[in-house]
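The values are calculated or read from the model by the stated rules, or taken from the named source; none is laboratory data. Computed from a predicted structure; not experimentally measured. Glycine gets a Cβ as well: all are built from the backbone with ideal geometry, and neighbour counts include every protein chain shown. With ligands, DNA and RNA removed, areas are computed over all heavy atoms of the protein, side chains included. Shrake-Rupley method; radii C 1.70, N 1.55, O 1.52, S 1.80 Å.
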Amino acid sequence: MHPVIVIHGGAGAMTRSAMSAEKEREYHAALRLVLQAGLAVLEAGGSAVDAVTAAVVELEDCPLFNAGRGAVFTSDATHELDAAIMDGASLRTGAIANVHHIRNPILAARSVMQNSRHVFFVGEGAERFARTQGLEMVEESYFSTPERHAQLLRVQRDTPDAAVLDHDGQAIVESQPAAPAHPLDIDKKFGTVGAVALDAHGNLAAATSTGGITNKQVGRVGDAPIIGAGTYASNETCAVSATGTGEMYIRKVAAYDIAARMRYTGATLEQAAHAVMFEELPSIGGKGGLIAVDAQGNITLPFNTEGMYRGYARVGSDPVTEIYR
Ligand code: ASP
């Protein structure tokens, strides 16, 4: 076995020209720290579930990414967070959606997987469950950052009816901080974080966490916490975590479609992931990216946007981080 961890911090319309060299370095450094957290688990012989949990907690705590602290705002200027985790060895899984006070939504998803007889909790019930698990609760303002708030105001002023993907809005705010508004292309904006891993025991796992999309309607849930849409893992095939226009990933059952293609048609990970990313999703206007690993340790990180914050690390080699095509 060659243990490996793969991560993403969202896909979108980030372009070199819109990002300062300093900001770029910040993202690479952050992605590296995240990979190191996951790698440390794998190096110590830990499980894929522990590795993806460690990586996603780091991503949630980092305000650069749209999950946990730094989550985007809803149309009511609130935060509603979604997360899911899946263990490929047992097909056990846990998900939560629409929570406002759980500091690390991925830990709540994991508690659902391990300590409840259910799979998916939402809203108040999810928070009540998290409290009984002793998870850290925070004021909603903990998740807010000035950058995300500027993004919301900009979107509401320019395209009040649109909900936009995180990194597209961010690229616009960064490229024209004082300029008059340009219409936002709602197809171009994504953010979410995720990790997939293969451990030394041959087990796969996937985890995804998100604040959703800027200016989303209150109560809207995306693909991240929907098992088979934005998150899936099975030792028989692969582990997948997605980012992008969640509605389309749900409609195409994107993550599970990759696993199903491998299982039913004998497609390789690369073939299955590419078919979903470059044929299935675009056929209904789906944009974004995904990361996936199979039981042999093959990895793929396709996206159909300008960029995707991403990286991978294998035990014994240096982490690799990338942003653009
Ligand atoms: N897929 C996420 C959602 O629809 C958003 C994203 O990845 O940017 O909630």
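Descriptive notes on the structure:
- Tally, over segment 1-22, of residues that are open to solvent by less than 50 Å² (accessible area, probe 1.4 Å) and in a helix (DSSP H, G or I): 1
- Taking segment 129-161 as the range and being more than 20 Å from Val57 (Cα to Cα) and either open to solvent by 70 Å² or more (accessible area, probe 1.4 Å) or under 21 Å from the mean Cα position of the chain (by Cα) (or both) as the test, the residues that pass are Pro146, Glu147, His149, Gln151, Leu152, Leu153, Arg157, Pro160, Asp161.
- Qualifying positions in segment 49-87 - out of contact with any helix residue (DSSP H, G or I) (no Cβ under 8 Å at 6 or more places or on another chain) and in a helix (DSSP H, G or I): Asp61
- Looking only at segment 282-300, residues that are touching a Leu at 6+ places or on another chain (Cβ under 9 Å) and either within 14 Å of the ligand (Cβ to nearest atom) or among the β-branched types (Val, Ile, Thr) (or both) come to 8 in all.
- Selection of segment 257-299 for residues being of a type in the set (Val, Ile, Thr) and open to solvent by less than 10 Å² (accessible area, probe 1.4 Å) yields Ile258, Val276, Ile291, Val293.
- Being within 16 Å of the ligand (Cβ to nearest atom) and modelled with pLDDT under 95 is a property that does not hold for Ala83.
- The residue that is nearest to the ligand (Cβ to nearest atom), among those in segment 198-222 that are open to solvent by less than 10 Å² (accessible area, probe 1.4 Å) and charged (D, E, K, R), is Lys216.
- When residues of segment 97-126 are limited to those that are within 22 Å of Ala163 (Cα to Cα) and over 14 Å from the mean Cα position of the chain (by Cα), the one surrounded by the most Cβ atoms within 10 Å (Cβ to Cβ): Val99
- Segment 223-253 - residue that is within 10 Å of the ligand (Cβ to nearest atom) and touching a helix residue (DSSP H, G or I) at 6+ places or on another chain (Cβ under 6 Å) and, of those, farthest from Ala207 (Cα to Cα): Met248
Per-residue answers, yes or no, for (1) over 19 Å from the mean Cα position of the chain (by Cα); (2) within 16 Å of the ligand (Cβ to nearest atom):
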{"site": "Met1", "(1), (2)": "yes, no"}
{"site": "Met19", "(1), (2)": "yes, no"}
{"site": "Gly38", "(1), (2)": "no, no"}
{"site": "Asp50", "(1), (2)": "no, no"}
{"site": "Thr53", "(1), (2)": "no, no"}
{"site": "Cys62", "(1), (2)": "no, yes"}
{"site": "Phe65", "(1), (2)": "no, yes"}
{"site": "Thr74", "(1), (2)": "no, yes"}
